[in-house]
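*Asks:* The structure under discussion is supplied below as structure tokens; questions concerning it will follow.
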Amino acid sequence: MFIAHAPSGYILSVTLIKRARALPAPVAATIAAGVIGAVAPDFDWFYFYFVDHSHTHHHRYISHWPLFWLLLAGGSALWLRCVRGSKVAFLTLVFSLGGMVHVILDSVVGDVWWFAPFIDERFSLFHLHARFKPWWLNFFLHWTFALELAICAWAYCIYRGRQTTSKTA
């Protein structure tokens, strides 16, 4: 995925806001935590290019391990349960759920090591074949890019609906 991570974090955050009985954190902070969490696994690109010099697939880094995000989500959920109403615990949970959504979306056409660090095997729902140069054109010209556009459109519709609702309230 290229363009749908931030919108998916927005969708996640707004869905959590709608379903929560009471929010321990402000709405804007909740949305920011979800959006930042949904793009956070790709912060490893800096390491990938500037330190690793593109030697290791960036999905092999701990920032793309589903176990990392599951442990962070579980730990923050436990923290939130122990310290009810903790703003930091809640925002950490939303952030980690955003990271988990990122890894799930990367699994559509990107290789994800779902059982890392225990099993060194990558998984993806669909495989891309390198046909075009530069490499990123293979993603933009693949049919799964329509899924990304649909996620972006969905997020935009939610955003517009929230804007309309806030103006009439």
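*Asks:* Quick test for you: out of Leu147, Leu125, Leu105, pick the one residue that is in contact (Cβ under 8 Å) with a residue 24 or more places away in the chain and either out of contact with any Ser or Thr (no Cβ under 8 Å at 6 or more places or on another chain) or not in a helix (DSSP H, G or I) (or both).
*Replies:* Of the residues listed, the single one that is in contact (Cβ under 8 Å) with a residue 24 or more places away in the chain and either out of contact with any Ser or Thr (no Cβ under 8 Å at 6 or more places or on another chain) or not in a helix (DSSP H, G or I) (or both) is Leu147.
*Asks:* Now for a different question. Scan the stretch 142-165 and give yes if some residue there is over 30 Å from Thr30 (Cβ atoms) and under 20 Å from the mean Cα position of the chain (by Cα), otherwise no.
*Replies:* no
*Asks:* Residue check: is Gly98 surrounded by 13 or more Cβ atoms within 10 Å (Cβ to Cβ), closer than 22 Å to Tyr10 by Cα and modelled with pLDDT under 95?
*Replies:* no
*Asks:* Among the basic types (Lys, Arg) and at pLDDT 95 or above, is that true of Arg131?
*Replies:* no
*Asks:* Assess whether Phe95 counts as being over 17 Å from Asp44 (Cβ atoms) and either aromatic (Phe, Trp, Tyr) or not in a helix (DSSP H, G or I) (or both).
*Replies:* No, not satisfied.
*Asks:* Which of the numbered conditions does Arg60 fail, given that it passes all the others? Conditions: (1) within 24 Å of Tyr10 (Cα to Cα); (2) surrounded by 15 or more Cβ atoms within 10 Å (Cβ to Cβ); (3) out of contact with any helix residue (DSSP H, G or I) (no Cβ under 8 Å at 6 or more places or on another chain).
*Replies:* (1)
*Asks:* I'd like the full set of residues that are surrounded by 10 or more Cβ atoms within 10 Å (Cβ to Cβ), of a type in the set (Phe, Trp, Tyr) and over 17 Å from Leu105 (Cβ atoms), limited to the stretch 131-155.
*Replies:* Matches in the stretch 131-155: Phe132 only.
*Asks:* Sticking with this one: Tally the residues that are assigned to a helix (DSSP H, G or I) and either of a type in the set (S, T, N, Q) or under 16 Å from Phe2 (Cβ atoms) (or both), restricting the search to the stretch 50-65.
*Replies:* 4
*Asks:* Here is a further query. If you check every pair at least six apart or on different chains, which have Cβ atoms under 8 Å apart with a residue in the stretch 43-64 that is over 13 Å from Trp113 (Cα atoms) first and a residue that is assigned to a helix (DSSP H, G or I) and at pLDDT 95 or above second?
*Replies:* Phe43/Ser63; Asp44/Ser63; Asp44/His64
Rundown of residues vs (1) crowded, with 20+ Cβ neighbours inside 10 Å; (2) farther than 26 Å from Ile151 by Cα; (3) of a type in the set (Gly, Ala, Ser), yes/no style:
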residue: Leu70; (1), (2), (3): no, no, no
residue: Ser76; (1), (2), (3): yes, yes, yes
residue: Lys87; (1), (2), (3): no, yes, no
residue: Val94; (1), (2), (3): yes, no, no
residue: Val108; (1), (2), (3): no, no, no
residue: Val112; (1), (2), (3): yes, no, no
residue: Phe115; (1), (2), (3): no, yes, no
residue: Phe123; (1), (2), (3): no, no, no
residue: His129; (1), (2), (3): no, no, no
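*Asks:* Please pick out the residue among Ser107, Ser86, Ser76 that is at pLDDT 95 or above and either out of contact with any helix residue (DSSP H, G or I) (no Cβ under 7 Å at 6 or more places or on another chain) or under 22 Å from Tyr49 (Cα atoms) (or both).
*Replies:* Ser107
The values are calculated or read from the model by the stated rules, or taken from the named source; none is laboratory data. Source: prediction; values computed, not measured. Quick reminder, even Gly has a Cβ in these numbers, built from the backbone with ideal geometry, and neighbours come from all protein chains shown.
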